[in-house]
Amino acid sequence: MANIQKLEQTVSQVRRDIVRMVHANNSGHPGGSLGCTEFLVALYFEVMKHDPSFDMDGKEEDLFFLSNGHISPVFYSVLAHSGYFDVAELATFRKIDSRLQGHPTTHEGLPGVRMASGSLGQGMSVAVGAAETKKLNGDDRIVYSLHGDGELQEGQIWEAAMYASAKKVDNLICTVDLNGQQIDGSTDEVMNMGSLEAKFTAFGFDVLVEKEGNNMSKVVAALEEAKSRTGKGKPVCILLHTEMGNGVDYMMGSHKWHGVAPNDEELANALAQNEETLGDY
Amino acid sequence: MKKYTYTETKDTRSGFGAGLLEAAQKNENVVGLCADLTGSLKMNAFENEFPERFFQVGISEANMMSMAAGMTIGGKIPFTGTFANFATSRVYDQVRQSIAYSNKNVKICASHAGLTLGEDGATHQVLEDLGMMKMLPGMVVINPCDYNQTKAATLAIAEYEGPVYLRFGRPKMPVFTPENQEFKIGEALMLNEGTDVTILATGHLVWEAIEAGHILADMGIDAEVINIHTIKPLDADAILKSVQKTGCVVTAEEHQMNGGLGDSVAQLLARKNPTPIEMVAVNDSFGESGVPALLMEKYGLTRKDIVKSVEAVIKRK
């Protein structure tokens with residue numbers, strides 16, 4: 001049984017890290033990072049079997065691929081608090097000679113990252129490939145991926161989705177961060193995608209919809225439910241409704257905080273809303 | 001001057017097919033992915049012997065490239081198969097981010113490169129692939145000359161750890177290199193030693209360069225002919241050593257002049273040993289439909305064009 005209170009304490013610290021990292025170099029993507037905090041904390045601290053000593057091949061481990069690489073702040077914070085590297089390294093985010101590049105990369109050898117991402121639309125294909133290798137290796141662990149909703153406008157996502165269902169890649173759980181926002185406005189304004197539930201269902205996925213993607217117990221329950229649906233001949237998709245900027249009231253629900261850093265005053269305000277639980281880096 | 005002979009002609013893509021099968025027999029981690037061109041890439045024998053290691057991805061090359069990158073995680077060695085155009089220009093960003101930048105052990109195997117694809121025309125005749133691939137940091141770029149060498153190269157890249165672009169083609173070409181040769185990535189092969197001019201050729205143009213050497217010998221010109229099967233890393237030592245002796249160079253390739261082998265050689269020579277150079281290559285033009293031999297003639301990629309370039313470059317010494 002998940003200790004929801006403990007997970008929520010971690011969420012609070014990760015949110016502090018996100019706004020501090022983005023503020024420190026006046027660049028980065030706080031909105032989507034804050035919205036996906038519950039999801040990534042649930043995945044790394046509750047759901048996945050993984051080893052922070054880090055081996056690229058990840059045999060007999062669950063694997064996670066971040067396809068929407070711009071939400072790197074939440075990914076880095078969660079990896080650091082999971083023990084992949086020292087939390088102090090979060091201070092180097094986006095700075096020269098750092099392993100914490102603006103978008104995640106294997107190039108600098110940061111433990112926990114298995115694939116570069118940032119150019120959108122590639123991560124589902126990567127996850128499908130890793131899932132096929134697990135099957136060949138007789139490894140029954142699960143491959144997870146996370147995608148932005150705006151990212152679904154990339155055609156490659158649907159190439160990967162078509163493959164995953166046609167070839168019964170059923171050790172795969174693809175989650176879509178449904179925050180309804182992208183750079184130029186709401187996803188409905190920029191490119192209305194209609195019913196994503198109908199689309200993924202039509203593409204042959206077993207689809208779960210979780211309307212409260214910023215409610216830790218709901219997120220854990222959705223992930224556990226998704227896990228129970230693997231191995232049944234279909235790839236699994238979680239449509240996770242989240243709120244961009246969740247946890248920082250003035251950022252919530254607006255695409256304006258997609259890729260903008262808070263100033264000093266805004267940072268203090270954001271930190272006041274999120275308790276320091278594990279110690280700031 | 002060494003006389004090269006051959007008893008049969010075979011397509012380089014069949015060399016790839018044979019090499020892939022043997023590589024797969026040797027190493028259980030070798031897997032193959034193909035985007036609906038299994039017959040064209042000669043991957044059928046591999047598919048038949050190892051159906052569980054063959055991944056048909058349909059007509060979705062972008063998915064294939066990123067999937068191949070993902071498959072390396074857990075130790076597989078993916079060989080992707082499609083036409084050279086769809087293995088490079090169509091999927092450049094996938095290759096760049098998921099394979100090259102992520103430094104994944106993917107072998108991008110590309111058939112039907114260049115004008116010799118023939119009748120399908122310019123939409124399919126990629127002449128920019130070597131340039132695109134060599135620009136990617138860490139990418140090895142190989143363009144073998146005949147069936148035996150393509151087979152050997154396929155086996156060699158299975159042993160090499162890192163991203164590789166292997167280019168081959170559709171037409172039947174003379175098979176003149178040894179069977180079961182050892183292929184050393186990045187090592188130029190001396191075909192004929194000479195003193196008057198260095199001819200550096202790659203891929204299908206290697207045979208034309210050998211033939212040009214004989215024509216030149218009859219004209220009293222002693223040409224050194226070298227097979228540059230690896231465009232990157234370029235064998236700088238072999239090229240500089242030859243050029244110091246001959247004092248001029250002709251490059252020959254089935255590719256755009258911009259970005260090809262000639263471009264790499266010119267860059268090397270300009271920096272290390274400025275030398276007169278002429279390039280036999282396609283000059284900033286798309287191809288067109290036609291019989292391969294006629295296309296090679298029209299676009300200036302024959303032994304006669306090599307001879308003309310040699311005459312021109314020798315005058316500049």
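Here are the numbers:
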read-out	value
Tally of residues being of a type in the set (Asp, Glu), open to solvent by 10 Å² or more (accessible area, probe 1.4 Å), touching a residue at least 60 places away in the same chain (Cβ under 8 Å) and within 22 Å of A:MET124 (Cα to Cα) across the stretch A:45-73	2
Candidate set from the stretch B:59-81 (those that are more than 7 Å from every other protein chain (Cβ to nearest Cβ) and assigned to a helix (DSSP H, G or I)); member that is surrounded by the fewest Cβ atoms within 10 Å (Cβ to Cβ)	B:GLU61
Matching entry among A:GLU60, A:GLU38, A:GLU46 (being in a loop (DSSP other than H, G, I, E, B) and of a type in the set (D, E, K, R))	A:GLU60
Boolean, B:SER102 is crowded, with 24+ Cβ neighbours inside 10 Å and within 14 Å of chain A (Cβ to nearest Cβ)	yes
Answer from B:ARG271, B:ARG303 - the residue that is without any contact (Cβ under 8 Å) to a residue 12 or more places away in the chain and either within 17 Å of the chain's Cα centre (by Cα) or in the same structural domain as B:ILE215 (by TED's automatic domain parsing) (or both)	B:ARG271
Index of the failed condition, B:GLN56 passing every other in (1) more than 10 Å from chain A (Cβ to nearest Cβ); (2) touching a strand residue (DSSP E or B) at 6+ places or on another chain (Cβ under 9 Å); (3) under 21 Å from A:ALA131 (Cβ atoms); (4) open to solvent by 10 Å² or more (accessible area, probe 1.4 Å)	(1)
Lone unmet requirement of (1) open to solvent by 10 Å² or more (accessible area, probe 1.4 Å); (2) closer than 19 Å to A:LEU66 by Cβ; (3) not in a helix (DSSP H, G or I) for A:SER145	(1)
Out of B:GLY194, B:GLY169, sole residue that is assigned by TED's automatic domain parsing to the domain that holds B:LYS304 and either closer than 28 Å to B:ILE77 by Cβ or in a loop (DSSP other than H, G, I, E, B) (or both)	B:GLY194
Pairs with Cβ under 6 Å, 6+ apart, first in the stretch B:3-32 and open to solvent by 40 Å² or more (accessible area, probe 1.4 Å), second not aliphatic (A, V, I, L, M)	B:TYR6/B:PRO174; B:TYR6/B:PHE176; B:THR9/B:LYS172; B:THR9/B:PRO174; B:LYS10/B:TYR147; B:LYS10/B:LYS172; B:ASN29/B:GLY75; B:ASN29/B:LYS76
A:GLY109 vs. criteria in a loop (DSSP other than H, G, I, E, B), surrounded by fewer than 20 Cβ atoms within 10 Å (Cβ to Cβ) and within 13 Å of chain B (Cβ to nearest Cβ)	yes
Lone qualifier among A:ALA24, A:ALA42 - being buried (at least 24 other Cβ atoms within 10 Å of the Cβ) and small (Gly, Ala, Ser)	A:ALA42
Selection within the stretch A:149-188 - more than 14 Å from chain B (Cβ to nearest Cβ), open to solvent by less than 20 Å² (accessible area, probe 1.4 Å) and in a strand (DSSP E or B)	A:ILE173, A:THR175, A:VAL176, A:ASP177, A:GLY185
Which numbered condition A:GLY259 fails, given (1) open to solvent by 30 Å² or more (accessible area, probe 1.4 Å); (2) under 18 Å from the mean Cα position of the chain (by Cα); (3) modelled with pLDDT of 95 or more	(3)
Unique match (being of a type in the set (Lys, Arg) and either over 30 Å from A:SER12 (Cβ atoms) or outside any helix (DSSP H, G or I) (or both)) among A:LYS218, A:LYS199	A:LYS199
Qualifying position, being facing chain B (nearest Cβ under 8 Å), in a helix (DSSP H, G or I) and aliphatic (A, V, I, L, M), among A:ALA116, A:ALA127	A:ALA127
Count of the stretch B:220-265 residues which are open to solvent by 10 Å² or more (accessible area, probe 1.4 Å), hydrophobic (A, V, I, L, M, F, W, C) and in a strand (DSSP E or B)	0
Hits in the stretch B:82-99 (condition: open to solvent by 10 Å² or more (accessible area, probe 1.4 Å) and either within 7 Å of chain A (Cβ to nearest Cβ) or in contact (Cβ under 8 Å) with a residue 60 or more places away in the chain (or both))	B:ASP93, B:GLN94, B:GLN97
Number of the condition not met by B:GLY169 [criteria: (1) under 20 Å from B:PRO276 (Cβ atoms); (2) surrounded by 24 or more Cβ atoms within 10 Å (Cβ to Cβ); (3) of a type outside the set (S, T, N, Q)]	(1)
Residue in the stretch B:117-126 that is farthest from B:ILE228 (Cα to Cα), counting only those that are open to solvent by less than 10 Å² (accessible area, probe 1.4 Å) and either assigned to a helix (DSSP H, G or I) or out of contact with any Gly (no Cβ under 6 Å at 6 or more places or on another chain) (or both)	B:GLY121
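The values are calculated or read from the model by the stated rules, or taken from the named source; none is laboratory data. On a predicted model such as this, the values are computed, not experimentally measured, just so you know. Cβ sites come from the backbone with ideal geometry, for glycine too, and all protein chains shown count toward neighbours. When the accessible area is computed, the model is the full protein with side chains, heavy atoms only, and any ligands, DNA or RNA have been set aside. Shrake-Rupley method; radii C 1.70, N 1.55, O 1.52, S 1.80 Å.
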